[in-house]
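Asker: To start, I am sharing the structure in question, which I have written as structure tokens.
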Amino acid sequence: MSKEANLSRKSTIFKDAMILFVITLIAGLALGFVHEITLPVIEAQNLQAKINAYRTVFPEAAEFVEDEPLSLLIQEATGVLEPKGYTNVTIDEALTATDESGNKLGYVVVVTTQEGYGGAITLSLGYGTDGTVKGMEILTMNETAGLGAKASGTDFKSQFADKKVNEFTYTKTGAANDNEIDALNGATITTKAVVNAVNSGICFITELVETEGNEGGKQDESK
């Protein structure tokens, strides 16, 4: 190859590289610009989805309030749950449910269990100040379609609603008491995981939140 041809080839390669670089740079800037525009919209949609889930499990509430003392108790949750036998479970979020005047009606707790048949299951739980479980909603899961996935169905979820119990248990022979949940047919592992997650949320509230004197985000200063 002649010297001139070699120089021409190098020049062509350089030009092609520069063109590719410019295209990549422009594309990156464009994607970044689009991301900046759409991020607030996505965050707003995610927030609305969470609020809708909270309202599903606590329909009487007007607001769901985050407060620091309640959030800090989440860090202590493991030390309370594990001695009760609730392992592989985390409390992800806890909020105070209030009416339009700001009076506390109860709590909404988001719980994740790693014991589902398909992996992690995240759910939200509503719990009233009178000790009534207001409802349960599955937020995310990866259970088997037609089996464990039925945990997100109304028939299964409704079994937890408006029940004043200390904890739930599941049965394969037909629920006879308020604290009994009919197990999903062919999905005992999913049933157990969900029941334990709900019980973990109840335990977090009754054994930690309420004993700390949390009143809508205010600690009892007399303790």
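Taken together, the values in this text are just the output of simple stated rules run on the coordinates, not laboratory data. Since we're looking at a predicted model, the values are computed, not measured. Don't worry about glycine lacking a Cβ; one is built from the backbone with ideal geometry, like all the others, and counts go over all protein chains shown.
Asker: Arrange the following residues from fewest to most other Cβ atoms within 10 Å of their Cβ: 127, 54, 170.
Answerer: So the ranking, lowest neighbour count to highest, is 170, 54, 127.
Asker: Continuing with the same structure: Among the listed pairs 104/134; 84/104; 50/157, which have their C-alpha atoms separated by more than 24 angstrom in this model?
Answerer: 84/104
Asker: Out of residues 5 or more away from residue 106 or on other chains, whose amide H comes under 5 Å of its own, with H placed 1.01 Å from N in the peptide plane?
Answerer: Residues meeting the criterion, in which the H sits 1.01 Å from N, are 97, 129.
Asker: Which GluC sites (Glu not before Pro) in segment 84-141 pass both tests, a DSSP loop state and at most 12 other beta-carbon atoms within 10 Å?
Answerer: 100
Asker: Another question, if that's okay. Rank by packing, highest mean first: peptides 192-202, 58-68, with packing defined as the count of other Cβ atoms within 10 Å averaged across residues.
Answerer: Top to bottom by mean Cβ count within 10 Å: 192-202, 58-68.
Asker: Normalising by the residue count of segment 140-197, find the relative contact order in percent from Cα pairs under 8 Å and 6+ residues apart.
Answerer: Relative contact order of segment 140-197: 34 percent.
Asker: Please list 3J(HN,Hα) in residue order for segment 103-120, calculated via the Karplus relation 6.51 cos²θ - 1.76 cosθ + 1.60 where θ = phi - 60°; whole Hz, with x for glycine and proline.
Answerer: 6, 6, 9, x, 9, 10, 10, 9, 10, 10, 10, 9, 9, x, 4, x, x, 5
Asker: Sticking with this structure for a sec: Please list, in chain and number order, the residues 5+ apart from residue 117 or on another chain whose amide H is under 5 Å from its amide H, with Hs placed from the backbone.
Answerer: 190
Asker: Just to check I understand the Karplus step: with θ = phi - 60° and J = 6.51 cos²θ - 1.76 cosθ + 1.60, what whole-Hz values come out for segment 50-64, glycine and proline as x?
Answerer: 5, 4, 4, 5, 5, 5, 5, 8, 8, x, 6, 6, 9, 9, 10
Asker: Would you mind getting me the FRET efficiency between residue 169 and residue 82? Use the beta-carbon distance for r and R0 = 25 Å, nearest 0.05.
Answerer: Step by step, r from the Cβ atoms, then E = 0.85.
Asker: Using alpha carbon centroids, what distance separates segment 131-206 and segment 51-76, in Å?
Answerer: 20 Å
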